[in-house]
Amino acid sequence: NIEWTLDQKDLYKNPLMSIKGRSDIKSLCRKFSIKIPSLTGDCFMQAPFWKANKRFEKIYKRDFKEILKSCSELDINIIVLPLVDAGSIDSQKQENILIEFLVEITDYLQKNNIKVAFESDYKPQEFKVFLSNLDEKAFGVNYDIGNSASLGFDPNEEFSLYGDRISNVHVKDRAYKGTTVPLGAGDADFELVFSLLKSINYNGNYILQTARAYDGEHIRMIEKYKNMLLEWIKK
């Protein structure tokens, strides 16, 4: 599996966003037996319509709908929507704008078997309230292990409040209030998180969104991370 990442810069030059590009993606997926079950929409974080002026709000919403169409054509059924960093919700007004749009597209998501999974810096109780506004069949949680560790969240509390809505997992390590670090070098409690994932019978994907190799040996590093992940799952 590969989780596609979509940036705002040169958005429509991304292969995902053109007929030829999508045809090439399908061909390469068949050739190399690869699936693309999910997409991380960094573009939504880089150009959040819920923070834009009226003109750009309309443009960014149109882009969002075009991305949905492209994902539908490629059978990408999870779209990660990051409500962090530049995409973080700062006011009730911003939240209202976002929720109103998401409610509007709910029918399209359900008809096309697409789920929006939120990555959020909301405190756990606030996140649960936010999620309660949205249909659980179309909206879930992308649980980013490193981000939760960086924010100092308690995994036990998180899973008790919205563990049943986790539909995608990013395997990452971060220091508390710090940046991404190699797996095992930060403050993420992987053994606790994986035991909690087992307790909710999680059977979705695990996406390695890990720190890159310092020496450029990325294949060697990703192999190491993969083995660490498999050990956590097995244990």
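Here's the yes/no breakdown for (1) of a type in the set (Asp, Glu); (2) without any contact (Cβ under 8 Å) to a residue 40 or more places away in the chain; (3) in contact with a strand residue (DSSP E or B) (Cβ under 7 Å, 6 or more places away or on another chain):
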{"residue": "Trp4", "(1), (2), (3)": "no, no, yes"}
{"residue": "Tyr12", "(1), (2), (3)": "no, yes, no"}
{"residue": "Leu16", "(1), (2), (3)": "no, no, yes"}
{"residue": "Leu39", "(1), (2), (3)": "no, no, yes"}
{"residue": "Asn53", "(1), (2), (3)": "no, yes, no"}
{"residue": "Lys69", "(1), (2), (3)": "no, yes, no"}
{"residue": "Glu73", "(1), (2), (3)": "yes, no, no"}
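Within the range 154-192, can you find the residues that are of a type in the set (A, V, I, L, M) and within 17 Å of the chain's Cα centre (by Cα)? Residues satisfying the conditions are Ile166, Val169, Val171. Does Glu231 fit the bill of being touching a residue at least 24 places away in the same chain (Cβ under 8 Å), under 26 Å from Tyr162 (Cα atoms), assigned to a helix (DSSP H, G or I) and open to solvent by 60 Å² or more (accessible area, probe 1.4 Å)? Taking the combined requirement at face value, the residue does not satisfy it.
The set of residues in the range 116-160 being assigned to a strand (DSSP E or B) and either open to solvent by 10 Å² or more (accessible area, probe 1.4 Å) or among the aromatic types (Phe, Trp, Tyr) (or both) consists of Phe118, Glu119, Ser120, Phe139, Tyr143. All of (1) within 28 Å of Gly163 (Cβ to Cβ); (2) at pLDDT below 95 hold for Phe194 with one exception: (2). Does Ile166 fit the bill of being among the hydrophobic types (A, V, I, L, M, F, W, C), open to solvent by 50 Å² or more (accessible area, probe 1.4 Å) and at pLDDT 95 or above? Answer is no for this residue. Yes or no: Lys172 surrounded by 14 or more Cβ atoms within 10 Å (Cβ to Cβ) and touching a helix residue (DSSP H, G or I) at 6+ places or on another chain (Cβ under 8 Å)? Taking the combined requirement at face value, the residue satisfies it.
The values are calculated or read from the model by the stated rules, or taken from the named source; none is laboratory data. This is a predicted model, so every value here is computed, not measured. Glycine gets a Cβ as well: all are built from the backbone with ideal geometry, and neighbour counts include every protein chain shown. In case anyone asks, the SASA skips ligands and DNA or RNA and just uses the protein heavy atoms, side chains included. Shrake-Rupley method; radii C 1.70, N 1.55, O 1.52, S 1.80 Å.
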